[in-house]
Amino acid sequence: LRRMWLDLLESRGLAWQLMKRDISAQYRESLLGMFWAVIPPVVTAIGFTVASNAQVLNIGTTDLPYPAYVMFSMALWQTFSESMLLPLKTVSGARMMLAKIQFPREALVLAAVGQVFFNFSIKLILILGLFLWYRMPISENVILAPVALIHLVLLGTVFGTLLAPLNVLYQDFSKALQILLGTWLFLTPVVYPTPNGDGLFGLLVRLNPVTPLLVTTRELATTGNVSDPLGFWTVSGFIFAFLPISWLIYRLSMPYAIERFSS
C-alpha cells in the first residue's frame, strides 16, 4: 500500500504530460475541435424536446425547463461515460510503451481522469449559458455540486480501472462497454425525471448507481434540494470502499496483461 501511494505521487508529472498529449491529439485532427464536447448534449436536447412537444414521448414534469434539463443531464452523463471509457482507451493506447518502459501505471489512469475534467470544463461553458438563457436560479448549495460531480467521475473510474487490463488484451471490452452505456443511458434519469412508481422500470432506475449521483449533482447546482441523500451516500460509500480495491487489482493484473500482450 505504501508503494502504491508513492507511485501515485511520483506519477503526477508523467500523468500531466500524457494528459496534455492526449488532449492535443483528441482535438488536433478534428474540424470542430472542442465543440465536440458540447455537441452531443445539444443534439440530444433538440431531439427529445421536439419529440416531447409533438407528444411522441410523455416525459412528465421536470424541475427545469426541459431543454436545459436534458442538456445539463447529458453533460453529466457524458462525463460519467468518459470516466469509464478513457482509462480503457489511455491504457490500451500505451501498450507499446508499457511493454518497453518501466513507469508507474497510475500515470495512465490519472491522465484519463484529468482529461475527463478538462472535457467537463468545456461543457461547463454550455451549462453556464443554460443558466443565463433560461434565467435559472442558482442555489446556495451550488458550491457542493463539484463534490457530487467528483463522486460521479470516481464511480466511472472504478469500473474503467477494473476493465483496463482486460482491454489491453481484448479490445472487445471497450466496444462492449460502449454498447452497454447506450442501454445504461435509458436507465438513468437524463431525458426524463426519476420515476415515482413501483414498476420494474422505476425499480431499475432507482437501483442504478449512477442515478443518485447524477441527480444529486444536478439538484445541488439548480434547486438546492437533494431528493435522495441516502442513495447518494450509499453509492458514495461503495465508491470509496471499492476504489482502492480496483486500484490494487489494476496494479496486480497489469504485469500479467503486459506479459501476455508482449508474447
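According to the Cα-based calculation, Rg over Rh for the range 151-263 is 1.06, with Rh computed by the Kirkwood formula.
Take every Cα-Cα pair in the range 102-212 and report what % of them are more than 23 Å apart. I get 47 percent for the Cα pairs in the range 102-212 exceeding 23 Å.
Computed over protein heavy atoms with a 1.4 Å probe, the carbon and sulfur contribution to the accessible area of the chain reaches 69%.
In order along the range 152-167, phi translates into HN-Hα couplings of 5, 5, 5, 4, x, 5, 4, 5, x, 5, 5, 8, 4, x, 5, 6 Hz, rounded to whole numbers, per the Karplus curve 6.51 cos²θ - 1.76 cosθ + 1.60 with θ = phi - 60° and x for Gly and Pro. On the basis of the beta-carbon distance and an R0 of 51 Å, residue 2 and residue 225 show a calculated FRET efficiency of 0.75.
Residue-wise HN-Hα couplings along the range 226-236, as the Karplus relation 6.51 cos²θ - 1.76 cosθ + 1.60 with θ = phi - 60° gives them from phi, are 8, 7, 9, x, 5, x, 4, 6, 5, 5, 5 Hz; Gly and Pro carry x. In the chain, taking the dipole from charged Cβ atoms about the Cα centre, the farthest positive-side position among 238, 188, 47 is held by 238. Compute a Gaussian network model of the chain, connecting alpha carbons closer than 10 Å, and tell me which residue from 181, 98, 128 fluctuates the most. Of the options given, 128 has the highest mean-square fluctuation. For the chain, the residue among 126, 114, 211 whose Cα projects farthest onto the positive side of the dipole built from Cβ charges is 114.
From the alpha carbon centroid of the range 135-156 to that of the range 173-229 is 15 Å. Overall shape of the range 63-120 was characterised from the C-alpha gyration tensor. The equivalent ellipsoid obtained from it has semi-axes of 33, 9, 6 Å, in decreasing order.
Rolling a 1.4 Å probe over the protein heavy atoms gives the chain an accessible area of 53 Å² per residue. Note that the range 118-129 has calculated 3J(HN,Hα) couplings of 5, 4, 5, 4, 6, 5, 4, 4, 4, 5, 4, x Hz, one per residue in order, obtained from phi through the Karplus relation 6.51 cos²θ - 1.76 cosθ + 1.60 (θ = phi - 60°); glycine and proline are x. Every helix of 4 or more DSSP H residues in the chain counts as -39500 (n - 2.57), and over all residues that averages to -25000 deg cm²/dmol at 222 nm.
Each Lys and Arg Cβ is given +1 and each Asp and Glu Cβ -1; about its Cα centre, the range 172-263 then shows a dipole of about 180 debye. In plain terms, the C-alpha convex hull of the range 44-187 casts an average shadow of 10.2 nm² when viewed from every direction. Between residue 256 and residue 25, the FRET efficiency estimated from the beta carbon spacing at R0 = 25 angstrom works out to 0.35. Label-to-label distance for residue 118 and residue 238 is 3.1 nm, based on points extended 7 Å past Cα in the beta-carbon direction.
The values are calculated or read from the model by the stated rules, or taken from the named source; none is laboratory data. What you see is a predicted model; the values in this text were computed from it and never measured. All Cβ positions, glycine included, derive from the backbone under ideal geometry; neighbour counts span all protein chains shown. All accessible areas refer to the heavy atoms of the entire protein, side chains included, with ligands and DNA or RNA removed. Shrake-Rupley method; radii C 1.70, N 1.55, O 1.52, S 1.80 Å.
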